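Before any comments, here is the structure.
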Amino acid sequence: MKPFHLSELKARVSAIVRRKNFDGYNVIQFNEIELDVSAMKITVNNNPVTLTRKEFNLLVYFLSNKGKVVTKNAMAEHLWGDEMDLSHDFHFIYTHVKNLKKKLSEAGANDYIKSVYGIGYKLAAL
(Lines give C-alpha, C1' and ligand atoms only; values in the text may rest on other atoms or scores of the structure.)
Protein backbone atom coordinates (compact mmCIF):
# COMPACT_ATOMS: atom_id res chain seq x y z
CA MET A 1 0.00 0.00 0.00
CA LYS A 2 1.40 3.37 -1.02
CA PRO A 3 1.47 6.27 1.40
CA PHE A 4 -1.02 9.02 0.63
CA HIS A 5 -1.81 12.53 1.76
CA LEU A 6 -4.90 13.17 3.87
CA SER A 7 -6.01 15.84 1.39
CA GLU A 8 -6.13 13.20 -1.34
CA LEU A 9 -8.13 10.87 0.89
CA LYS A 10 -10.57 13.67 1.70
CA ALA A 11 -10.95 14.50 -2.01
CA ARG A 12 -11.64 10.86 -2.87
CA VAL A 13 -14.18 10.46 -0.07
CA SER A 14 -15.85 13.73 -1.09
CA ALA A 15 -16.10 12.49 -4.68
CA ILE A 16 -17.74 9.26 -3.51
CA VAL A 17 -20.23 11.17 -1.36
CA ARG A 18 -20.96 13.58 -4.21
CA ARG A 19 -21.60 10.71 -6.64
CA LYS A 20 -23.89 9.05 -4.08
CA ASN A 21 -25.81 12.24 -3.34
CA PHE A 22 -26.21 13.26 -6.98
CA ASP A 23 -26.64 9.83 -8.62
CA GLY A 24 -23.22 10.05 -10.26
CA TYR A 25 -23.95 13.27 -12.15
CA ASN A 26 -21.43 16.09 -12.17
CA VAL A 27 -24.02 18.68 -13.24
CA ILE A 28 -26.65 19.44 -10.63
CA GLN A 29 -29.79 21.32 -11.60
CA PHE A 30 -31.90 23.00 -8.92
CA ASN A 31 -34.59 25.13 -10.53
CA GLU A 32 -32.74 28.02 -12.24
CA ILE A 33 -29.39 27.16 -10.60
CA GLU A 34 -27.03 24.83 -12.44
CA LEU A 35 -23.84 23.65 -10.80
CA ASP A 36 -21.07 21.74 -12.60
CA VAL A 37 -19.18 20.05 -9.77
CA SER A 38 -16.19 18.85 -11.79
CA ALA A 39 -15.64 22.22 -13.51
CA MET A 40 -16.60 24.21 -10.37
CA LYS A 41 -18.94 26.42 -12.43
CA ILE A 42 -22.28 27.84 -11.41
CA THR A 43 -24.87 29.45 -13.63
CA VAL A 44 -28.23 31.01 -12.85
CA ASN A 45 -30.54 31.18 -15.88
CA ASN A 46 -27.41 30.49 -17.99
CA ASN A 47 -25.60 33.50 -16.47
CA PRO A 48 -22.25 32.61 -14.88
CA VAL A 49 -21.84 33.25 -11.15
CA THR A 50 -18.43 33.70 -9.56
CA LEU A 51 -18.12 32.13 -6.12
CA THR A 52 -15.21 31.64 -3.78
CA ARG A 53 -14.16 28.05 -3.06
CA LYS A 54 -15.90 28.17 0.34
CA GLU A 55 -19.11 29.55 -1.19
CA PHE A 56 -19.02 26.87 -3.89
CA ASN A 57 -18.50 24.10 -1.32
CA LEU A 58 -21.27 25.57 0.80
CA LEU A 59 -23.67 25.52 -2.16
CA VAL A 60 -22.75 21.89 -2.91
CA TYR A 61 -23.38 21.08 0.75
CA PHE A 62 -26.78 22.79 0.68
CA LEU A 63 -27.74 20.98 -2.53
CA SER A 64 -26.69 17.61 -1.14
CA ASN A 65 -28.85 18.29 1.94
CA LYS A 66 -31.77 20.07 0.27
CA GLY A 67 -34.91 20.02 2.32
CA LYS A 68 -32.96 19.27 5.51
CA VAL A 69 -31.96 21.67 8.26
CA VAL A 70 -28.17 21.83 8.47
CA THR A 71 -26.53 23.12 11.62
CA LYS A 72 -23.88 25.81 11.65
CA ASN A 73 -21.57 23.30 13.29
CA ALA A 74 -22.08 20.78 10.47
CA MET A 75 -21.46 23.48 7.83
CA ALA A 76 -18.29 24.64 9.57
CA GLU A 77 -17.01 21.09 9.85
CA HIS A 78 -17.78 20.47 6.16
CA LEU A 79 -15.94 23.61 5.07
CA TRP A 80 -12.99 23.61 7.48
CA GLY A 81 -12.68 20.05 8.76
CA ASP A 82 -12.47 18.50 12.18
CA GLU A 83 -10.63 21.38 13.84
CA MET A 84 -13.89 23.34 13.81
CA ASP A 85 -15.18 21.07 16.59
CA LEU A 86 -13.27 23.26 19.02
CA SER A 87 -14.89 26.51 17.90
CA HIS A 88 -17.87 27.97 19.72
CA ASP A 89 -18.37 30.99 17.45
CA PHE A 90 -19.82 30.31 14.01
CA HIS A 91 -20.47 33.93 13.01
CA PHE A 92 -18.27 33.44 9.93
CA ILE A 93 -20.86 30.93 8.62
CA TYR A 94 -23.43 33.73 8.57
CA THR A 95 -21.05 35.81 6.44
CA HIS A 96 -20.47 33.02 3.91
CA VAL A 97 -24.18 32.26 3.65
CA LYS A 98 -25.01 35.96 3.27
CA ASN A 99 -22.42 36.34 0.48
CA LEU A 100 -23.64 33.19 -1.29
CA LYS A 101 -27.27 34.34 -1.13
CA LYS A 102 -26.33 37.80 -2.41
CA LYS A 103 -24.37 36.47 -5.40
CA LEU A 104 -27.12 34.02 -6.36
CA SER A 105 -29.79 36.70 -5.98
CA GLU A 106 -27.84 39.21 -8.08
CA ALA A 107 -27.63 36.56 -10.82
CA GLY A 108 -31.43 36.15 -10.75
CA ALA A 109 -31.93 33.16 -8.45
CA ASN A 110 -34.78 32.97 -5.99
CA ASP A 111 -33.94 32.96 -2.29
CA TYR A 112 -33.96 29.25 -1.44
CA ILE A 113 -31.62 29.37 1.57
CA LYS A 114 -33.65 30.05 4.69
CA SER A 115 -32.42 30.65 8.22
CA VAL A 116 -33.70 28.27 10.88
CA TYR A 117 -33.52 30.32 14.06
CA GLY A 118 -30.98 29.07 16.57
CA ILE A 119 -30.03 26.01 14.52
CA GLY A 120 -28.69 26.76 11.04
CA TYR A 121 -30.06 26.89 7.50
CA LYS A 122 -32.25 24.99 5.08
CA LEU A 123 -32.28 24.93 1.28
CA ALA A 124 -35.82 24.42 0.05
CA ALA A 125 -37.71 25.06 -3.16
CA LEU A 126 -40.27 27.83 -3.04
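The values are calculated or read from the model by the stated rules, or taken from the named source; none is laboratory data. Quantities reported herein were computed from a predicted structural model and do not represent experimental measurements. Heads up, the Cβs are rebuilt from the backbone with ideal geometry, glycines too, and the neighbour counts pull from every protein chain shown.
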Consider only pairs whose beta carbons are under 6 Å apart and that are at least six residues apart or on different chains; among these, list those whose first residue lies in the stretch 52-68 and is within 13 Å of residue 36 (Cα to Cα) and whose second residue is β-branched (Val, Ile, Thr). 63/28
Screening 110, 99 for residues that are assigned to a loop (DSSP other than H, G, I, E, B), modelled with pLDDT of 90 or more and polar (S, T, N, Q) leaves only 110
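In this structure, is residue 70 modelled with pLDDT of 90 or more, crowded, with 16+ Cβ neighbours inside 10 Å, hydrophobic (A, V, I, L, M, F, W, C) and in contact with a Phe, Trp or Tyr (Cβ under 9 Å, 6 or more places away or on another chain)?
yes
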Only one of 15, 76, 39 is assigned to a loop (DSSP other than H, G, I, E, B) and either modelled with pLDDT under 95 or surrounded by 11 or more Cβ atoms within 10 Å (Cβ to Cβ) (or both), namely 39
Please go through the stretch 26-36 and pick out each residue that is part of a strand (DSSP E or B) and surrounded by fewer than 16 Cβ atoms within 10 Å (Cβ to Cβ). 27, 29, 30, 36
Restrict the check to the stretch 52-65 and report whether at least one residue is loosely packed, with under 12 Cβ neighbours inside 10 Å and more than 12 Å from the chain's Cα centre (by Cα). no
Give me the pairs: first residue in the stretch 84-98 and of a type in the set (S, T, N, Q), second residue surrounded by 14 or more Cβ atoms within 10 Å (Cβ to Cβ) and modelled with pLDDT of 65 or more, beta-carbon distance under 7 Å, and six or more apart or on different chains, which are they? 87/76
